[in-house]
Amino acid sequence: MRKFVLSYLIPRIGQYLLVIFLGVTLTFVIPRLSPNDPVEQQVSQLMMSGSQVSPEAIEHMRVALTEMYGLAGSPWEQYWAFWGRLLRGDLGPSLSSFPTPVNQLLATAMPWTFGLLIPSIVISWVVGNILGAIASYYENNRVIQVVDVVSQAVRPIPYYIMALVLLAVFSYWIPIFPFSGAYPPGARVEFSLSFVLTVLYHSLLPLLSLVLIGIGGWFIGMKSLTSNIIAEDYVVYAENTGLPRRQILTQYIMRNAMLPQITGLALQLGMLFSGALIMEVVFGYPGMGTLTFQAVMANDYTLIMGITLLSIVGVATTVLILDLIYPLFDPRVRIQ
Amino acid sequence: MALLQLEDLHACYRTEVYGISRSVRAVDGVSLELYENEIYGIAGESSSGKTTLIKVLSGTFKPPLRVESGRVHYNFGSFAVDMLSIDPEELRQNVRWKQISYVMQGSMSVLNPVRKIMRTFEDIVRTHQGIADKKSFVEQTRQHVQRLGLPPDVLDLYPHQLSGGMRQRVAIALATVFHPSLIIADEPTTALDVVVQRGVLQMLKEIQNESANTVLLVTHDLAVHANMADRVGIMYAGRIVEEAPTAAIFQRPRHPYTAHLIRSLPSIGDKTIREGLGGAPPNLASPPNGCRFHPRCPLAIDRCRTEVPPLTTIAPQQRVACHLVTEAG
């Protein structure tokens with residue numbers, strides 16, 4: 001155990017912190033390489049709006065904005081101040097909806113994205129993998145062959161096209177589902193049964209578009225993984241020993257074919273923080289994707305940086321957790 | 001009564017790609033009998049049809065391998081089985097592992113990498129016998145592997161934590177849990193070094209001595225046959241060319257191919273260069289006419305090129321397929 005902590009856990013966590021450090025540094029550097037000066041942009045926007053402002057007031061505003069954006073002082077001073085605020089958990093105020101803190105915007109959007117993406121990722125992972133394994137093992141089953149063809153056809157469709165198709169069919173031609181939003185406009189966000197049901201009703205089409213495409217992808221991946229595993233000696237051997245087919249499928253084939261899929265699942269879950277951008281925009285869904293879209297459209301630097309940082313930490317953390325628990329799934333990967 | 005009667009078995013691999021069908025006759029007219037309580041060795045070079053033959057014998061063949069004709073009849077004392085017509089479910093429940101177990105070629109990788117060895121034993125025992133009491137099952141399994149000279153602790157390990165020799169022994173231990181009537185071992189020692197080989201072979205022999213069952217041992221290694229087998233059958237290009245008790249075949253091989261095989265073995269102290277045999281085994285998709293060995297046979301006569309020599313009994317328990325032997329009488 002001691003050896004594990006010293007020779008694996010501590011270096012691995014060090015690596016994790018290094019990744020986050022580099023990620024944060026890049027988020028700091030990249031916007032500063034952009035030719036756009038947010039302060040000047042803001043000032044010129046104000047001047048273009050035609051209001052008469054005295055040059056002194058403009059100068060005053062320039063200083064105030066520079067201060068607020070964290071652009072005062074030399075790059076090193078800025079960098080230090082940046083880390084200082086970050087470690088205190090302060091991502092600054094949003095520029096587009098000033099003075100609401102970025103933290104608060106993220107906290108409002110996150111539950112919506114999590115509530116939609118976690119179920120859709122998990123459902124499509126479970127269903128896609130089970131179907132994929134069955135498809136490969138029971139090649140001659142008619143139903144499975146149909147599923148196979150459908151998956152092959154659905155898989156290459158971008159999910160936002162799927163979203164538009166679903167909208168056209170189920171909201172326009174057969175208007176049984178709402179066009180957009182996660183709840184009717186003007187409804188009070190609360191935790192009551194009727195509100196939860198409304199949200200579920202509104203989320204069904206976005207969920208469906210994600211799940212359909214997701215299943216197709218996992219299905220195809222699992223099918224090809226399984227078709228390799230089926231030829232492995234230990235599967236042929238299990239068949240020769242007369243084990244029941246169902247047991248061979250679950251404990252010999254799927255158990256082994258699943259290993260790379262677990263990594264894939266973890267990576268997808270790590271991407272949660274950036275949301276499903278286009279899908280959320282198409283459905284007018286108030287999650288991280290929509291927030292990102294708005295931030296980009298409004299040149300809201302602090303918000304963009306906040307979202308980027310969250311994604312970096314999210315992906316790095318899921319990969320760290322995956323590395324630590326992976327030996328539970330594959331005993332061959334014992335930590336040295 | 002023979003345990004196995006195999007009569008005139010023809011089996012081929014038939015593949016069809018873009019409407020062009022190709023068929024490779026890997027086993028072409030093999031007949032043999034296995035008796036109770038013996039070790040029968042099958043020898044032959046690569047692609048002589050050894051593995052195809054035992055796939056049919058063990059009932060583990062599936063397309064593209066097909067049996068064209070022949071009869072595979074087992075007599076297990078209490079019941080008889082025709083391998084080519086048996087219902088797959090009956091085969092699975094009554095014959096597999098209880099009567100016939102099969103130590104596959106490449107036993108190094110026959111164990112599920114994510115399952116402890118004990119779980120593999122558990123799977124097999126649960127399927128064929130049921131486990132009423134987990135504790136006594138664990139105890140019995142530990143005793144079983146210990147009797148075979150394996151440390152019982154290997155049961156709590158994963159396959160990748162074992163050496164190749166250990167894995168091979170585990171595979172043999174798995175094949176003997178129910179004391180089957182027939183154990184088929186396909187190249188059980190091929191990937192092992194000689195010291196480990198010896199241990200594995202001894203283990204196999206002890207098991208056979210103890211439970212007086214039949215072992216069908218397939219390997220290209222004649223030295224293994226010399227040490228293990230009671231009778232040996234030599235295969236060449238999908239046919240048995242000679243069959244005899246081990247001592248007889250090594251002392252006086254009758255078929256020119258067997259003679260060359262045995263002459264190629266090194267013996268201690270002899271430093272002369274071994275004589276090789278020109279040519280290569282025939283392509284089974286279009287085998288030569290007559291005796292399949294004739295293009296490589298230094299003694300071939302005209303008759304060999306046109307007429308297939310039948311496998312003829314020339315002495316008790318001794319059969320050979322060669323015109324020269326049968327003509328000389």
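The values are calculated or read from the model by the stated rules, or taken from the named source; none is laboratory data. Just so you know, these numbers come straight off a predicted model, no measurement behind them. Please note: Cβ atoms are built from the backbone with ideal geometry, for glycine as well, and neighbour counts cover all protein chains shown.
Of all residues in the range B:192-218, which are among the aliphatic types (A, V, I, L, M) and either more than 28 Å from B:THR52 (Cβ to Cβ) or assigned to a helix (DSSP H, G or I) (or both)? Within the range B:192-218, B:VAL194, B:VAL195, B:VAL196, B:VAL200, B:LEU201, B:MET203, B:LEU204, B:ILE207, B:ALA212 meet the criteria.
Residue-wise test of (1) in contact (Cβ under 8 Å) with a residue 12 or more places away in the chain; (2) within 31 Å of the chain's Cα centre (by Cα); (3) under 21 Å from A:LEU86 (Cα atoms).
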position	(1), (2), (3)
A:MET1	no, no, no
A:LEU6	no, no, no
A:ARG12	yes, yes, no
A:GLN15	no, yes, yes
A:LEU18	no, yes, yes
A:VAL24	yes, yes, yes
A:ILE30	no, yes, yes
A:ASN36	yes, yes, no
A:MET47	no, no, no
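Applying the selection to the range A:293-336, what residues are among the hydroxyl-bearing types (Ser, Thr, Tyr) and at pLDDT 85 or above?
A:THR308, A:SER311, A:THR317, A:THR318, A:TYR326
Restricting the range A:43-71 to residues that are among the β-branched types (Val, Ile, Thr), part of a helix (DSSP H, G or I) and touching a helix residue (DSSP H, G or I) at 6+ places or on another chain (Cβ under 8 Å), the residue that is modelled with the lowest pLDDT is A:VAL43.
Of the residues A:ALA163, A:ALA238, A:ALA266, which single one is assigned to a helix (DSSP H, G or I), small (Gly, Ala, Ser) and within 14 Å of chain B (Cβ to nearest Cβ)?
It is A:ALA238.
Taking the stated definitions as given, is A:GLY186 within 13 Å of another protein chain (Cβ to nearest Cβ), at positive phi and not acidic (Asp, Glu)? No, not satisfied. Is it true that some residue in the range B:293-304 is among the acidic types (Asp, Glu), assigned to a loop (DSSP other than H, G, I, E, B) and free of Cβ contacts under 8 Å to residues at least 12 places away in the same chain? So far as the range B:293-304 goes, no, none of its residues is among the acidic types (Asp, Glu), assigned to a loop (DSSP other than H, G, I, E, B) and free of Cβ contacts under 8 Å to residues at least 12 places away in the same chain. Looking only at the range B:124-136, decide whether some residue is surrounded by fewer than 17 Cβ atoms within 10 Å (Cβ to Cβ) and closer than 11 Å to A:TYR237 by Cα. Checked the range B:124-136: no residue is surrounded by fewer than 17 Cβ atoms within 10 Å (Cβ to Cβ) and closer than 11 Å to A:TYR237 by Cα.
Residues in the range B:93-117 that are within 18 Å of the chain's Cα centre (by Cα) and at the interface with chain A (Cβ under 7 Å from one of its Cβ atoms): B:ARG96, B:TRP97, B:TYR102, B:MET104, B:GLY106, B:VAL110. It is to be established whether one or more residues within the range B:67-78 are within 14 Å of chain A (Cβ to nearest Cβ), assigned to a strand (DSSP E or B), touching a residue at least 40 places away in the same chain (Cβ under 8 Å) and touching a helix residue (DSSP H, G or I) at 6+ places or on another chain (Cβ under 9 Å). Within the range B:67-78 (the criterion being within 14 Å of chain A (Cβ to nearest Cβ), assigned to a strand (DSSP E or B), touching a residue at least 40 places away in the same chain (Cβ under 8 Å) and touching a helix residue (DSSP H, G or I) at 6+ places or on another chain (Cβ under 9 Å)), the answer is no, since none of the residues qualifies.
Filtering B:ASP123, B:ASP153 for residues that are part of a helix (DSSP H, G or I), within 14 Å of chain A (Cβ to nearest Cβ) and either in contact with a Ser or Thr (Cβ under 7 Å, 6 or more places away or on another chain) or at pLDDT 90 or above (or both) leaves a single hit, B:ASP123. In the set (1) surrounded by 15 or more Cβ atoms within 10 Å (Cβ to Cβ); (2) touching a helix residue (DSSP H, G or I) at 6+ places or on another chain (Cβ under 6 Å), B:GLY279 fails one condition alone, (1).
Listed by position, the strands (runs of 3 or more DSSP E) inside the range B:4-45 whose residues that are surrounded by fewer than 22 Cβ atoms within 10 Å (Cβ to Cβ) number at least 2 are B:4-17, B:20-34. Could you list, in sequence order, all residues of the range A:213-246 that are out of contact with any helix residue (DSSP H, G or I) (no Cβ under 6 Å at 6 or more places or on another chain) and farther than 13 Å from A:ALA133 by Cβ? Residues satisfying the conditions are A:GLY217, A:ALA231, A:GLU232, A:TYR234, A:VAL236, A:TYR237, A:GLU239, A:ASN240, A:PRO244.
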